[in-house]
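Have a look at the structure below, then the notes.
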Amino acid sequence: MKLLRLLFIFLSLPLFAQQGGMWIPSLLEGMNESEMTNLGMKMTAKDIYDVNNASLKDAVPHFNGGCTSEVISNQGLLLTNHHCGYSQIQSHSTLENDFLQDGFWAMSLKEELPNPGVNATFIVKIEDVTTKVMTGVSPTMGEADKQKKIEENIANVVQTSPKETWQDNRVRTFYEGNQYMLFVVETYKDIRLVGAPPSSIGKFGSDTDNWIWPRHTGDFSLFRIYADKNNRPAEYSADNVPYTPKHFLPISLDGVAENDFTLVFGYPGTTDEYLPSVAITQVINTINPARIAIRDAALSIQDKYMRADPQIKIQYASKFARIANYWKKWKGETLGLTKSNAVGIKKQQENELTSQINKLGKQQEYGQLLPKFEQYYTEIESYSLAREYFLETVVRNVELLKMAYQTYQLKQVYESRGAQSFEDRRNNLVASLEGQYKDYSKQVDEEVFEALIALYAKNVPAQFLPASFKNMNAQTATKNIYKNSAFVDYASVKNLLEGDAQTVISKLEKDPGYQMVKEMADTYFDKVAPKYEELKLNISGLERDYMKALLELSPKDARIFPNANSTLRVTYGKVNGYSPADAIYYEPVTHLEGVMQKYIPGDYEFDVPQKLIDLYKAKDYGQYGENGKMPINFIGTNHTTGGNSGSPAIDAEGNLIGLNFDRVWEGTMSDYYYDPALSRNIMVDIRYVLFIMDKYASAKNLIDELKLVHPKKEKGQSKKKK
């Protein structure tokens with residue numbers, strides 16, 4: 001038995017190594033609290049999460065459903081990444097007032113800019129509701145019946161669990177369906193833009209440096225939460241007042257050093273740490289290469305036009321950044337998975353698990369898990385490939401197809417729900433399309449369309465291709481559509497959508513752009529989606545049982561953390577450099593000198609504002625510099641992913657020391673496999689944020705709101721007194 005426990009500890013180490021993991025904040029007492037204390041933390045688990053008293057969780061809202069943010073003043077001042085606020089900064093930008101290029105700073109509350117539709121969501125309480133959700137679910141039920149019953153139970157829990165009238169209940173699944181948690185939340189809907197550095201600071205290095213260390217990027221922006229006069233959530237109103245938080249983060253001016261404790265608090269999006277080796281192999285060899293090829297083509301075309309035309313640069317800045325972000329991430333992910341031998345390690349773990357299943361006589365319960373994974377992933381591969389091509393081409397990267405697809409969905413609404421639903425959806429769509437066409441270039445999109453349609457016809461498995469694609473001339477098809485389709489212009493589309501449902505549908509079906517989307521979508525939903533969903537449901541059931549096996553058969557002290565699912569998590573580690581390759585070592589902190597070394601006058605990625613150059617030459621860093629240098633970014637061993645953008649980096653005492661914004665390229669595979677040797681998260685040093693606010697922007701009104709502290713110096717002084 002002792003040998004068995006040692007074997008499983010060995011088995012668990014590569015996947016669950018100390019400092020890896022994204023932990024539920026309400027469950028930190030015990031192992032996690034001990035580990036954090038051993039790493040240098042001075043707080044308690046209750047300082048991080050407490051229902052009855054103010055704690056760190058009360059200062060960390062979900063920003064607009066995608067990023068993380070933190071409250072840094074008693075007036076609801078909100079800090080997040082520049083790239084998280086990018087679309088809001090862009091939406092307020094014009095050629096005359098280009099906030100992307102020049103930055104924006106509100107010197108009073110009256111100057112702060114509203115952002116319709118943007119929100120910030122706080123966690124009030126987290127509660128385990130697994131027993132309630134699993135009531136009436138039996139092992140003998142089919143997978144579809146299990147899911148149906150679970151969904152019914154979740155709806156009941158959401159409806160019946162106590163909350164205030166301005167709050168919402170949400171239930172999320174953990175450990176692949178082995179645990180369910182209820183989140184009571186408050187969502188504030190009046191969020192105003194307060195400050196943003198120019199892109200030459202907030203996006204310095206742009207796509208070249210994205211996912212790369214060393215970095216020199218001031219990736220931050222400032223917003224403010226407004227509430228009604230009772231401090232409760234409210235839609236935008238001139239009568240609203242700055243939100244008074246339960247807790248806000250003090251800001252440390254003492255900086256970081258190698259091996260300092262770091263805690264990152266936020267809303268990581270999705271991870272798949274427990275996928276079997278066959279799934280990782282498919283990601284490396286099939287899925288990522290397809291995604292990368294499509295975005296390679298789209299990005300190269302957009303980049304060409306953005307460099308040549310300032311108007312197109314503004315229109316496509318946010319879209320380009322969004323597309324490029326995961327394009328580069330997927331490339332680094334494949335590199336990291338290969339370099340770390342993730343497939344080989346997972347195969348070893350699977351062999352050991354099989355051995356333990358056999359030794360413990362668990363073959364009937366768990367013996368077919370890995371063979372079934374092999375079977376289902378082999379079956380799903382061609383369907384997954386076709387799905388990626390459809391999503392990347394129609395839904396994400398060709399704007400004409402994306403907008404035509406929205407009208408295709410409009411027709412489905414009419415056929416399934418009737419005329420009134422059609423009217424409601426149509427009116428919303430017309431309003432939405434106006435914003436989409438504001439940032440649309442027919443010239444750019446036409447070239448992207450031609451390139452991606454050619455890839456689609458070439459690389460989608462033949463059995464899933466629409467009939468017209470099998471002998472398609474991409475150039476001819478492109479010219480026909482962009483000459484004759486209404487979807488190249490907002491006024492034309494608006495006219496196309498006028499009339500009753502039958503009239504609109506009749507007009508749509510004569511449009512060549514709509515005809516192409518309809519053929520692609522009909523083929524996808526007829527030949528790809530049903531089988532893909534069936535296989536995916538079977539795989540989800542296997543993943544739940546596989547996770548159950550790991551939880552049941554691993555030792556009690558095994559570090560098995562739940563996959564990310566956009567819920568509030570804690571990840572902890574230390575400030576550490578790393579060695580990505582033989583004879584290369586990266587220091588954990590970068591400085592303003594590095595900006596000047598990368599400086600290329602006039603380059604859209606590496607230009608530097610003159611005022612920043614002047615401050616550098618004068619070494620005018622104020623209280624924010626250290627030893628005559630201005631720190632900018634630092635790295636740590638915190639396990640992060642998409643959604644952690646904007647997360648606060650917190651020191652051992654609970655003070656803000658930085659702002660998470662990226663990962664190193666070699667470690668982007670941590671969504672599937674966390675390797676402590678390669679996985680590093682990248683953070684903006686909070687002192688650089690303050691330096692830009694104070695010395696560069698002269699936004700002293702904002703500096704005056706903050707609580708600035710010196711925890712390291714105060715410790716030193718108290719020791720001297722003793």
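Scanning the stretch 258-281 for residues that are in contact with a Cys (Cβ under 9 Å, 6 or more places away or on another chain) and of a type outside the set (Ser, Thr, Tyr) yields one hit, 266. Does residue 638 qualify as being surrounded by 24 or more Cβ atoms within 10 Å (Cβ to Cβ) and assigned by TED's automatic domain parsing to the domain that holds residue 590? Yes, satisfied. Among the residues here, residue 563 qualifies as assigned to a loop (DSSP other than H, G, I, E, B) and either touching a Phe, Trp or Tyr at 6+ places or on another chain (Cβ under 9 Å) or assigned by TED's automatic domain parsing to the domain that holds residue 30 (or both). Tell me yes or no: at least one residue of the stretch 52-69 is within 18 Å of residue 651 (Cα to Cα), in contact (Cβ under 8 Å) with a residue 60 or more places away in the chain, in a loop (DSSP other than H, G, I, E, B) and touching a Pro at 6+ places or on another chain (Cβ under 8 Å). Yes: one or more hits. If we keep just the residues of the stretch 407-452 that are under 29 Å from the mean Cα position of the chain (by Cα) and among the small types (Gly, Ala, Ser), which is nearest to residue 484 (Cα to Cα)? Top of the filtered list is 441. Would you say residue 533 is surrounded by fewer than 16 Cβ atoms within 10 Å (Cβ to Cβ), in a helix (DSSP H, G or I), in contact with a Pro (Cβ under 6 Å, 6 or more places away or on another chain) and modelled with pLDDT of 95 or more? Here the answer is no, as residue 533 does not meet what is asked. None of 407, 378 is at pLDDT 95 or above and within 30 Å of residue 428 (Cβ to Cβ) except 407. Say whether the condition of being at pLDDT 95 or above, part of a loop (DSSP other than H, G, I, E, B) and among the aromatic types (Phe, Trp, Tyr) is met by at least one residue in the stretch 632-653. Scanning the stretch 632-653 turns up no residue that is at pLDDT 95 or above, part of a loop (DSSP other than H, G, I, E, B) and among the aromatic types (Phe, Trp, Tyr). Here the stretch 70-99 is the region considered, the condition is being assigned to a strand (DSSP E or B) and not polar (S, T, N, Q), and the residue that is surrounded by the fewest Cβ atoms within 10 Å (Cβ to Cβ) is 77. With respect to being buried (at least 18 other Cβ atoms within 10 Å of the Cβ), assigned by TED's automatic domain parsing to the domain that holds residue 456 and in a helix (DSSP H, G or I), residue 317 fits the description.
In the set (1) surrounded by fewer than 21 Cβ atoms within 10 Å (Cβ to Cβ); (2) touching a Gly at 6+ places or on another chain (Cβ under 8 Å), the condition left unmet by residue 348 is number (2).
Against the test of being over 30 Å from residue 344 (Cβ atoms) and out of contact with any strand residue (DSSP E or B) (no Cβ under 6 Å at 6 or more places or on another chain), the options 643, 622, 658, 667 yield a single qualifying residue, 622.
The values are calculated or read from the model by the stated rules, or taken from the named source; none is laboratory data. Because the structure is a prediction, the values reported are computed rather than measured. Note that we place each Cβ from the backbone using ideal geometry, even for glycine, and neighbour counts take in every protein chain shown.
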